[in-house]
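Novice: Here's a structure for you.
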Amino acid sequence: MPRLSHVVIRQRIVLVFAVALAAAFLLTSRLAYVQVLQNQRYTQLALEQRLRGVPADPLRGTVYDRNGIELAVSVSSDAVYVRPAEIRDRSATAAQLAQLLGMPYDDVLERLGQRQAEVWIRRRVSEEEARQVRAAELPGVYVAQRTARVYPHGSLAAHVLGLVGIDNQGLEGIELQYDQLLRGVPGRELVERDARGQRIPEGLADFVPPRDGYGIVLTIDAAIQAIAERELERACIATLSEFCMTMWMNPRTGEILAMAVYPTFDPNAPGDYPAAARRNRVVTDQFEPGSIFKIVTAVASLEEGVVSPEEQFYDAGFIEIGGGRVHCWRGGGHGSLTFARAVEVSCNPVFAELGGLRLGPERFYPYLKAFGFGERLGLDYPGEAAGLIPVPGQVPHGEILRWANVGFGQGVAITPLQMLSALATIANDGVRMRPQLVAGIVDPATGEIQHIRPQPVQRVISDGTARAFLAMMRATVVNGSGSNADIPGYLVGGKTGTAQIAEGGVYTEKRLASFLGVAPVDDPRLVGLVMLFDLKPRPAYGGVHAAPVWRAIAEQALPYLGVQPRAEGQGPDPSDPARVRVPNVQNLPVTEAEAILRAAGLRPVLEGLGTYVLDQTPVPGALVERGTQVLLESWEVPEHWQGETTVPSVLGYSPQEVAERLAAAGLVLEMHGNGVAQLQVPAAGERALRGTRVRVEFGPAG
């Protein structure tokens, strides 16, 4: 083997030394780069490996009624979550957590095994449970401060408020509509922990505070809302309706004062109720309105000059129009009557003539659009339906008949919100306002309120037409089908409605009874709508079943709003011998009713060809001059309701049970109070005509 020369050896030594020197230089340079130039970056990375972030929820903004009453609030609560990657002994950790939180061991163990960075064990724990979990110092187990949504008044305004999800996100109602404002910005608490996940005493800590959400001030008045919900529940139970709706508005501003649907739900526990109970049908559902839609036909006709209040019509019980026949709800017709009287008695043929012939699609359609039908009104609430209205020229044949049907409320689909907005437009001298649910936004830092002003949309009819028609609506309550809505001391105007309910494009036996009202008609302060869907008593007239509900709400809401009854409207002196109190002859045979009225010094006037009295005007109990005419609206009792029945005992039962027992006997519930039945008139065991109202007083159990 040849020996290497000293020169070669020296070269190799120099090369090795140079490589080693270069490597040392590179390592030293890299070390200097990391420790000096990148010191701050790697220090931060090391710190982040030791720091554990714990989320801090912001307080979701409070929702207030118009007077500052809290309807939805957020409260702080603790929650327990884990980081599965940091847990060393899943079985032992699961056993301890299950014991501390009172949870099934298998449920906890399953959550600890999930392949996620963070897993919630329980989103809401008590202060004591949170203290015990912290004290246990379990690796990978953390306690975070969260917020929980609470609705302090339970189901009050539930359909307006909506609800939130498990992560405090808005899901329905105002909670969803204003979620971005209400939810706020989350914060985070950073805590230094060792390799085992345990907190280092005196270790570093940092806290990024959350920013709380903005508050919302509603136009809803909690007092009127409570009144509306209470009376609606009573009516819905008494009539065995599938569901019922009511809505109340200030016509001058478009502000919604109350909005209720029954059955309702408690947003504190939404899972306890079916999804259908959470639907705000006032806004999201659309219905064929029936006769309440005649207010639109009437004001459009008056505005266009195609009819006058005193113009004479003749109703033979039907009208041949556009190749079809439109029947009046009263079999024999109303005979000769003025247009004003046609409004009072809701005569279908007159309104069919106005809609199909005198107005026609070219003149009628623009008014439907101007009132907002067939489009969303822009309510600050999710899921508003637009409704459906015909368009001129849409069908090649039968257009006159189609618009004749629209004239009396068939062939269109509208929302309760749209219908009430139309009446509010008339009550506001013909100017349509945008309906409004939110009155202001509250800054969480300063408490200042940014007010949202009412927004006019457009003038639809002249103030003269509006005032003239309000007078007709007043006459409908005084002399017509709306007498059950009258309130002593107040000038109430209204319109009744009874619509057939179509399913699958076919009209069924189901009915929608409604009443649309305004008070006082000479200075409107309140408009309201009541609708009872698929009520069971027959006949299912709006004037019989919905009007009394409207009255029950309005007679409490008007004084609350500062609208005082007029002294001259309080009624005559009951001691005056020239006056008599009108007896109640509803549900009696016509012959018996006429005899009772004549004996009281009154003059009965019969409308209809039925054998029993459905309704009477003036209302029972009114003080009138002797010799006054009492209009009796008659009806033919269905065969299965004819004759007498025995009044069942209902004492001790709930309102729902009472209504069912009475309905089975062919009787109708007249409900007073809440709780369980404590008094009934007629008494159990008495004989009564089927269709008779049984007055039942309810009170607390025991």
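Novice: Taking Gly140 as the residue in question, decide whether it is exposed (fewer than 15 other Cβ atoms within 10 Å of the Cβ), assigned by the TED database to the domain that holds Pro84, of a type outside the set (S, T, N, Q) and touching a strand residue (DSSP E or B) at 6+ places or on another chain (Cβ under 6 Å). It would help to see each step written out before you state the result.
Specialist: Working: exposed (fewer than 15 other Cβ atoms within 10 Å of the Cβ): no; assigned by the TED database to the domain that holds Pro84: yes; of a type outside the set (S, T, N, Q): yes; touching a strand residue (DSSP E or B) at 6+ places or on another chain (Cβ under 6 Å): yes.
Considered against the rule, which asks whether it is exposed (fewer than 15 other Cβ atoms within 10 Å of the Cβ), assigned by the TED database to the domain that holds Pro84, of a type outside the set (S, T, N, Q) and touching a strand residue (DSSP E or B) at 6+ places or on another chain (Cβ under 6 Å), Gly140 comes out as no.
Novice: When both residues are 6+ apart or on different chains and their Cβ atoms are under 7 Å apart, which pairs have a first residue that lies in the stretch 81-100 and is free of Cβ contacts under 8 Å to residues at least 60 places away in the same chain, and a second that is among the charged types (D, E, K, R) and crowded, with 17+ Cβ neighbours inside 10 Å?
Specialist: Pairs that qualify, where the first residue is free of Cβ contacts under 8 Å to residues at least 60 places away in the same chain and the partner is among the charged types (D, E, K, R) and crowded, with 17+ Cβ neighbours inside 10 Å, are Leu100/Glu129.
Novice: In the same structural domain as Met245 (by the TED database) and in contact with a strand residue (DSSP E or B) (Cβ under 7 Å, 6 or more places away or on another chain): is that true of Gly528 in this structure?
Specialist: Yes; evaluated as a whole, the condition is true for this residue.
Novice: Only one of Val283, Val307 is of a type in the set (Val, Ile, Thr), over 25 Å from Arg467 (Cβ atoms) and in contact (Cβ under 8 Å) with a residue 12 or more places away in the chain. Can you tell me which?
Specialist: Values: Val307 fails: over 25 Å from Arg467 (Cβ atoms).
Exactly one of Val283, Val307 is of a type in the set (Val, Ile, Thr), over 25 Å from Arg467 (Cβ atoms) and in contact (Cβ under 8 Å) with a residue 12 or more places away in the chain, namely Val283.
Novice: For the stretch 315-346, name all the residues that are modelled with pLDDT of 90 or more and either among the aromatic types (Phe, Trp, Tyr) or in contact with a Cys (Cβ under 6 Å, 6 or more places away or on another chain) (or both).
Specialist: Phe339
Novice: If you scan the stretch 253-288, which residues turn out to be among the aromatic types (Phe, Trp, Tyr) and closer than 19 Å to Ala72 by Cβ?
Specialist: Phe265, Tyr273
Table: residues versus (1) modelled with pLDDT of 80 or more; (2) under 21 Å from Leu535 (Cα atoms).
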| site | (1), (2) |
| --- | --- |
| Pro604 | yes, no |
| Leu609 | no, no |
| Val630 | yes, no |
| Ser649 | yes, no |
| Leu662 | yes, yes |
| His672 | no, yes |
| Val676 | yes, no |
| Thr692 | no, yes |
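Novice: If I go through the stretch 334-376 residue by residue, how many of them are of a type in the set (Asp, Glu) and in a loop (DSSP other than H, G, I, E, B)?
Specialist: 1
Novice: Right, next: Residue by residue through the stretch 126-160, note down the ones that are of a type in the set (Val, Ile, Thr) and under 28 Å from Gly213 (Cα atoms).
Specialist: Filtering the stretch 126-160 down to residues of a type in the set (Val, Ile, Thr) leaves 133, 141, 143, 147, 150, 160.
Residues satisfying the conditions are Val143, Thr147, Val150, Val160.
Novice: What is the number of the single condition among (1) crowded, with 16+ Cβ neighbours inside 10 Å; (2) among the charged types (D, E, K, R); (3) within 23 Å of the chain's Cα centre (by Cα) that Asp486 does not meet?
Specialist: (3)
Novice: Output yes when any residue across the stretch 422-431 is more than 27 Å from the chain's Cα centre (by Cα) and among the polar types (S, T, N, Q), and no when none is.
Specialist: Looking through the stretch 422-431, none of the residues is more than 27 Å from the chain's Cα centre (by Cα) and among the polar types (S, T, N, Q).
Novice: If Ala684 satisfies all but one of (1) assigned to a strand (DSSP E or B); (2) at pLDDT 85 or above; (3) of a type outside the set (Val, Ile, Thr), what's the number of the condition it fails?
Specialist: (1)
Novice: Scan the stretch 615-629 and give yes if some residue there is surrounded by 17 or more Cβ atoms within 10 Å (Cβ to Cβ), under 20 Å from Pro539 (Cβ atoms) and in contact with an Asp or Glu (Cβ under 6 Å, 6 or more places away or on another chain), otherwise no.
Specialist: yes
Novice: Check Glu320, Glu353, Glu362 and return the single one that is within 26 Å of Leu470 (Cβ to Cβ) and among the charged types (D, E, K, R).
Specialist: Result of the check over Glu320, Glu353, Glu362: Glu353.
Novice: For the stretch 161-175, which residues satisfy the criterion of being without any contact (Cβ under 8 Å) to a residue 60 or more places away in the chain, among the aliphatic types (A, V, I, L, M) and either part of a strand (DSSP E or B) or under 15 Å from Gly215 (Cβ atoms) (or both)?
Specialist: Leu171
Novice: Same structure again: If you scan the stretch 90-136, which residues turn out to be more than 15 Å from Ser77 (Cα to Cα), within 41 Å of the chain's Cα centre (by Cα) and among the small types (Gly, Ala, Ser)?
Specialist: Gly102, Ala117, listed by residue number.
Novice: Let me confirm something: among Arg124, Arg134, Arg88, Arg115, which residue is part of a loop (DSSP other than H, G, I, E, B) and within 30 Å of Arg183 (Cα to Cα)?
Specialist: Arg115
Novice: Out of Leu532, Leu561, report the one residue that is modelled with pLDDT of 90 or more, within 20 Å of Met259 (Cβ to Cβ) and surrounded by fewer than 19 Cβ atoms within 10 Å (Cβ to Cβ).
Specialist: Leu561
To keep it simple, each residue is scored yes or no on (1) of a type in the set (S, T, N, Q); (2) crowded, with 24+ Cβ neighbours inside 10 Å; (3) assigned by the TED database to the domain that holds Met419.
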residue: Thr264; (1), (2), (3): yes, no, yes
residue: Lys294; (1), (2), (3): no, yes, yes
residue: Ala300; (1), (2), (3): no, yes, yes
residue: Phe313; (1), (2), (3): no, no, yes
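This table checks each residue for (1) in contact with a helix residue (DSSP H, G or I) (Cβ under 8 Å, 6 or more places away or on another chain); (2) free of Cβ contacts under 8 Å to residues at least 60 places away in the same chain; (3) on the phi < 0 side of the Ramachandran plot.
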| site | (1), (2), (3) |
| --- | --- |
| Glu384 | yes, no, yes |
| Val395 | yes, yes, yes |
| Ala404 | yes, no, yes |
| Gly411 | yes, no, no |
| Ala422 | yes, no, yes |
| Ala427 | yes, no, yes |
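Novice: Here are the criteria: (1) farther than 23 Å from Arg474 by Cβ; (2) of a type outside the set (Gly, Ala, Ser); (3) within 30 Å of the chain's Cα centre (by Cα). Tell me which single one Leu359 does not satisfy.
Specialist: It fails just one condition, (3).
Novice: If we keep just the residues of the stretch 503-528 that are acidic (Asp, Glu) and at pLDDT 90 or above, which is surrounded by the fewest Cβ atoms within 10 Å (Cβ to Cβ)?
Specialist: The selected residue is Asp523.
Novice: Just a yes or no: is a residue in the stretch 188-200 among the β-branched types (Val, Ile, Thr), touching a Gly at 6+ places or on another chain (Cβ under 9 Å), over 18 Å from Arg60 (Cβ atoms) and at pLDDT below 90?
Specialist: yes
Novice: If you go through the stretch 439-456 one residue at a time, do you hit one that is surrounded by 15 or more Cβ atoms within 10 Å (Cβ to Cβ) and out of contact with any strand residue (DSSP E or B) (no Cβ under 7 Å at 6 or more places or on another chain)?
Specialist: no
The values are calculated or read from the model by the stated rules, or taken from the named source; none is laboratory data. Note that this is a predicted model, so its numbers are computed, not measured. Please note: Cβ atoms are built from the backbone with ideal geometry, for glycine as well, and neighbour counts cover all protein chains shown.
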